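Below is one structure; the comments refer to it alone.
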Amino acid sequence: MALIMDGNGRWAKQRGKERIFGHENGVEAVRDTVKAAVEIGVSYLTFFAFSTENWCRPDNEVNTLMQLLVDAIRNETPELNKNGVRLQAIGNLESLPHSCKKELMDAISLTSQNNKLIVNVALSYSARWEIANAARKIAEKVKNQEISPGDIDQDLFSNYLETGNIPDPDLLIRTSGELRISNFLLWQIAYSELYFTPVLWPDFRRKHFYQAILDYQKRERRFGKTTEQLP
Ligand code: FPP
């Protein structure tokens, strides 16, 4: 499953507070969603935490958000270990501030033996950046004659994406009522079911997560086939 956590700024504004207050309260929503996912046996959760485009936000918001991520990663690592959760990250991690990258790498290493749930955090991530990157890496391999153009198919291409070791999401949830994808996992969601909820991210709790899954369970996934062809 994948989640676009949206609406933190609006949630804070509704309360007459700075936007960062919404991000701070968004951490509790992440915590509750992760716990619920462990309890019901979800295998992968990918959170869109910071997009390539988010670097254009005011410096103050970017810096405070980075510090919040450092603190959240540090504080949550023991709980992740307790629940058997392995942390991974996708995105242009080189562009993160040193402290954020270090905290992230430490947590990734400290949780690397866990296997109940993989929590994948997208940081400084955008799907077009990822796809262009994959194309460049493949082009280099072709140039070095390590692969030939005829070898390039969908499976090979997928392996060069940031999510190489993670299956495509069955369900993508976006909070806050916005009906768009915002450059998230464009390749991977080709056949994902989409679920949009008006709930703002800081208010998102396990009951909303379960509602999304119940809605998903009612859908018929045909992958281009007809109903009659399905098993
Ligand atoms: C979008 O709301 C949210 C973000 C850009 C940041 C999300 C980050 C967190 C919740 C921090 C914790 C995350 C982890 C994985 C520990 P917005 O600011 O775009 O809200 P708006 O659309 O109402 O302005």
Tabulated pairs, region 77-98, first more than 14 Å from residue 35 (Cα to Cα) and at pLDDT 95 or above, second among the aromatic types (Phe, Trp, Tyr) and assigned to a helix (DSSP H, G or I), C-beta under 9 angstrom, 6+ apart or interchain: 91/129; 92/129; 95/55
Residues located in region 192-213, provided they are away from the ligand (no atom under 13 Å from the Cβ) and in contact with an Asp or Glu (Cβ under 7 Å, 6 or more places away or on another chain): 192, 193, 195, 205, 206
Pair list, Cβ < 6 Å and 6+ apart or interchain, from region 166-182 residues that are more than 10 Å from residue 192 (Cα to Cα) and hydroxyl-bearing (Ser, Thr, Tyr) to residues that are more than 10 Å from the ligand (Cβ to nearest atom) and open to solvent by less than 40 Å² (accessible area, probe 1.4 Å): 175/197; 175/199
Within region 12-22, tally of residues that are open to solvent by 20 Å² or more (accessible area, probe 1.4 Å) and of a type outside the set (D, E, K, R): 4
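Yes or no, residue by residue, for (1) part of a helix (DSSP H, G or I); (2) open to solvent by 50 Å² or more (accessible area, probe 1.4 Å); (3) near the ligand (Cβ under 8 Å from one of its atoms):
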{"position": "36", "(1), (2), (3)": "yes, no, no"}
{"position": "48", "(1), (2), (3)": "no, no, yes"}
{"position": "75", "(1), (2), (3)": "yes, yes, no"}
{"position": "87", "(1), (2), (3)": "no, no, no"}
Residues of region 55-76 that turn out to be over 18 Å from the mean Cα position of the chain (by Cα) and touching a residue at least 60 places away in the same chain (Cβ under 8 Å), as a count: 0
Condition met for residue 19 (of a type in the set (Lys, Arg) and either in contact (Cβ under 8 Å) with a residue 12 or more places away in the chain or within 8 Å of the ligand (Cβ to nearest atom) (or both)): yes
Top-ranked residue of region 50-62 - restricted to ones that are near the ligand (Cβ under 9 Å from one of its atoms) and not in a helix (DSSP H, G or I), ranked as nearest to residue 117 (Cα to Cα): 50
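The values are calculated or read from the model by the stated rules, or taken from the named source; none is laboratory data. As the structure is a prediction and not an experimental result, all values here were calculated from the model. Here the Cβ is made from the backbone with ideal geometry for all residues, glycine too, and neighbour counts use every protein chain on show. With ligands, DNA and RNA removed, areas are computed over all heavy atoms of the protein, side chains included. Shrake-Rupley method; radii C 1.70, N 1.55, O 1.52, S 1.80 Å.
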